[in-house]
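Read the structure below first, then the notes.
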Amino acid sequence: MRTVTRLAGFAVGLAAVFGATYGIGRVVDPAPAAESRHDGDAAHATGEHDETAARLPGGLLVSDQGYTLEPLDAPAGEFAFRIAGPDGRPVTRYEVAHDKQMHLIVARRDLSGFRHVHPELTADGTWRVDTPLTGPGQWRAFADFTPTGGEPLTLGVDVTVPGELTERPLPAPATSTTVDGYTVTLAGTPQPGRTSSLTLTVSRDGQPVTDLEPYLGAYGHLVALRRGDLAYLHVHPDGTPGDGRTRPGPAVTFLAEVPSAGSYRIYLDFQHGGRVHTAEFTVIAGAAPTGDAPTPSGPAPTGGADHGTPGHGHD
Ligand SMILES: [Cu+2]
């Protein structure tokens, strides 16, 4: 067990360095396809790394603004990490954002297995949580936090869980899915470079759900991960519970801006019946918008898994 843990930790280090370089290269390089032969030059082609980091989407860097995400050896069944601060010591003081000092989001690199959990902080600056890594594979862990005296940050690190790996294909884009007996529909398509409205509507047994419960200070939380590099976006709803205008469902509207065209997996956390549920969608940013009207959304190849009926989802 110890050996496995150490090996996994070593792999984490390698992946983290690679991930950071890759993220910088992607953004600095104006023409990735044409320039890809010059990988070796990309890292030192510019002295603007700080500016570059400021423009990057969240979650691509393991270390930013002096703060570094460090996974730690942990007993089986537990995930542990710390945030090293600019002085190299573990950070022990954090601001509360959305009811928590630390939001830990994990997903496999194939965008399956998403979990959003809240670790416990111990006095020495170690964060611990029952492991959300639910099976073998290459995982990305995102720590979303605000250190006291610092800016909000999302740092990301790769974590390998040994075992037989089954790569899951990204599900086809869809505007409806089901989870735990709820049907969730999505209206709106994110467009790169500008704010787009995404409205998610929750129903159960054909009835709109009008008594969503606040979860972390909102009726919904939306995380989007970009296919290919898992760039991270955390989007909050337009309106908060108790503001006099925001209703507890069935619709929750988010204002999202994605950093580029491409495929994204979006994850909606909402609470009802005392439990948190997560509805997942694949969306293609930059595609023709899907309006509020239930128009057929183009050719939409659904791989035969969807029968084309509203409200029908799978998995
Ligand atoms: Cu959270």
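The values are calculated or read from the model by the stated rules, or taken from the named source; none is laboratory data. Bear in mind that the values here come from a model prediction, so they are computed numbers and not experimental data. Here Cβ is always computed from backbone atoms with ideal geometry, including for glycine, and neighbour counts include all displayed protein chains. Only protein heavy atoms, including side chains, enter the accessible area calculation; ligands, DNA and RNA are left aside. Shrake-Rupley method; radii C 1.70, N 1.55, O 1.52, S 1.80 Å.
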Please tell me if D180 is away from the ligand (no atom under 16 Å from the Cβ), at pLDDT 95 or above, acidic (D, E) and open to solvent by 60 Å² or more (accessible area, probe 1.4 Å).
-> yes
Selection from the stretch 115-131 of residues that are closer than 9 Å to M102 by Cα and in a strand (DSSP E or B) = V117, E120, L121, W127
Is at least one residue of the stretch 166-175 of a type in the set (V, I, T) and in contact with a helix residue (DSSP H, G or I) (Cβ under 8 Å, 6 or more places away or on another chain)?
-> no
Enumerate the pairs (first residue in the stretch 197-208 and farther than 13 Å from Y219 by Cβ; second residue anywhere and surrounded by fewer than 18 Cβ atoms within 10 Å (Cβ to Cβ) and among the small types (G, A, S)) with beta-carbon separation below 9 Å, excluding pairs fewer than 6 apart on the same chain, so at least 6 apart or on different chains.
-> S203/G311; R204/G181; D205/G181; G206/G311
Filtered residues of the stretch 87-96 (kept if free of Cβ contacts under 8 Å to residues at least 12 places away in the same chain and more than 16 Å from the ligand (Cβ to nearest atom)) = D87, G88
If you check Y219 against the conditions, is it in contact (Cβ under 8 Å) with a residue 60 or more places away in the chain, among the hydroxyl-bearing types (S, T, Y) and touching a Pro at 6+ places or on another chain (Cβ under 8 Å)?
-> no
Among residues of the stretch 240-279 being open to solvent by less than 50 Å² (accessible area, probe 1.4 Å) and on the phi > 0 side of the Ramachandran plot, the residue nearest to the chain's Cα centre (by Cα) is G262
So is H44 at pLDDT below 95, surrounded by fewer than 17 Cβ atoms within 10 Å (Cβ to Cβ) and within 16 Å of the ligand (Cβ to nearest atom) or not?
-> no
Conditions (1) more than 16 Å from the ligand (Cβ to nearest atom); (2) more than 20 Å from G249 (Cα to Cα); (3) buried (at least 20 other Cβ atoms within 10 Å of the Cβ): number failed by R168 | (3)
Answer yes or no: is there a residue in the stretch 126-146 that is without any contact (Cβ under 8 Å) to a residue 12 or more places away in the chain and either within 16 Å of the ligand (Cβ to nearest atom) or among the small types (G, A, S) (or both).
-> no
Output the residues belonging to the stretch 72-89 that are open to solvent by 50 Å² or more (accessible area, probe 1.4 Å) and either outside any loop (DSSP other than H, G, I, E, B) or aromatic (F, W, Y) (or both).
-> L72, E78, R82
Considering the stretch 97-125, residues that are touching a residue at least 24 places away in the same chain (Cβ under 8 Å), open to solvent by 30 Å² or more (accessible area, probe 1.4 Å) and not charged (D, E, K, R), and then whichever is nearest to the ligand (Cβ to nearest atom), we arrive at H98
Qualifying position, being in contact with a Leu (Cβ under 9 Å, 6 or more places away or on another chain) and either open to solvent by 20 Å² or more (accessible area, probe 1.4 Å) or more than 25 Å from P132 (Cα to Cα) (or both), among Y215, Y219, Y232 | Y219
